[in-house]
Amino acid sequence: MNAAEWGAIGYHVLLVVLLVFVAIGAVPILATAYQFLAIPFHAFSNHYKKATPYLPRVAVVVPAWNEGAVIGASIDRLMKLEYPRDRIRVYVVDDASTDNTPDVVLAKAAEYPGAVFHLRRAKGGEGKAHTLNHGIRVVLSEDWMEALLIMDADVIYLPDSLL
């Protein structure tokens, strides 16, 4: 073999080696393109239409002692949340208030039937923990709740807070 033939063989070997390097470098690009093009088909195989948002039944427990000045507005704000009305209940646990808290809560319970409940503790003054425990016991005994929210009577939530 002369030098020209060795040069031609060397040229072809170099060409094959470079083509192999190009092919190896193209593998990640081809794999990415395949994944990108396959994304729309996941909607059919994963049944995305059946995966609707889930909104649990929320029980809101509000411990209250002499909160007559703010409890009515708090209940109104809770009832105006951007959340299905049939999936939220407010339980105001009245710790033997001496102001108009019971009257305000009972008026709101009449305004929002089946959504607002007044739980009065005859013996008050045992602390917030006892008041909360009483309310939570009542809520758990009903077997309605899927999520629990505990709030003070003067908390202000944004309309989309539960979404």
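Mind ordering 137-143, 87-93, 19-25 by average Cβ neighbours within 10 Å, highest first?
Working: 137-143: 11.9, 87-93: 22.9, 19-25: 9.6.
Ranking, from highest mean packing down: 87-93, 137-143, 19-25.
Each residue of segment 104-121 is assigned a 3J(HN,Hα), and the resulting list reads 5, 5, 5, 5, 5, 5, 6, 6, 10, x, x, 10, 10, 10, 9, 10, 9, 8 Hz, derived from the Karplus form 6.51 cos²θ - 1.76 cosθ + 1.60 (θ = phi - 60°), x at Gly and Pro. Note that segment 35-163 presents 60 Å² accessible area per residue, ligands and nucleic acids not counted, probe 1.4 Å. Taking amide H atoms as placed 1.01 Å from N in the peptide plane, the amide H of V61 lies under 5 Å from those of Y91, L149, I150, M151, each 5 or more residues away in sequence or on another chain. Taking every DSSP helix (H) stretch of at least 4 residues in the chain, weighting each as -39,500 (n - 2.57) and dividing the sum by the residue count yields a mean residue ellipticity at 222 nm of -16500 deg cm²/dmol. Of the solvent-accessible surface of segment 61-139, computed with a 1.4 Å probe and all protein chains present, 54% belongs to carbon and sulfur. By the Stokes-Einstein formula, at 0.692 mPa s and 37 °C, segment 51-116 with its Kirkwood radius over alpha-carbon pairs has D equal to 265 µm²/s. Under a Gaussian network description of the chain, with springs only between Cα atoms under 10 Å, the residue in L18, L106, L148 that fluctuates furthest is L18. Note on segment 87-161 and segment 16-33: Cα centroid distance 66 Å, given to the nearest whole angstrom. In terms of overall dimensions, the chain has a Cα radius of gyration and Dmax of 33.3, 113 angstrom. The orientation-averaged projected area of the convex hull spanned by the Cα atoms of segment 76-163 comes to 5.9 nm². Taking A51, A122, A26 as the candidate residues, the one with maximal mean-square fluctuation in a Gaussian network model of the chain, Cα springs under 10 Å, is A26. Our summary gives the chain a relative contact order of 29 percent, counting only alpha carbon pairs under 8 angstrom and 6 or more residues apart.
The values are calculated or read from the model by the stated rules, or taken from the named source; none is laboratory data. Treat the numbers as computed from the prediction; the structure is a model and nothing was measured. Because the Cβ atoms are built from the backbone with ideal geometry, glycine has one as well, and the counts that use them run over all protein chains shown. The area values use the complete protein model at the heavy-atom level, side chains included, leaving out ligands, DNA and RNA. Shrake-Rupley method; radii C 1.70, N 1.55, O 1.52, S 1.80 Å.
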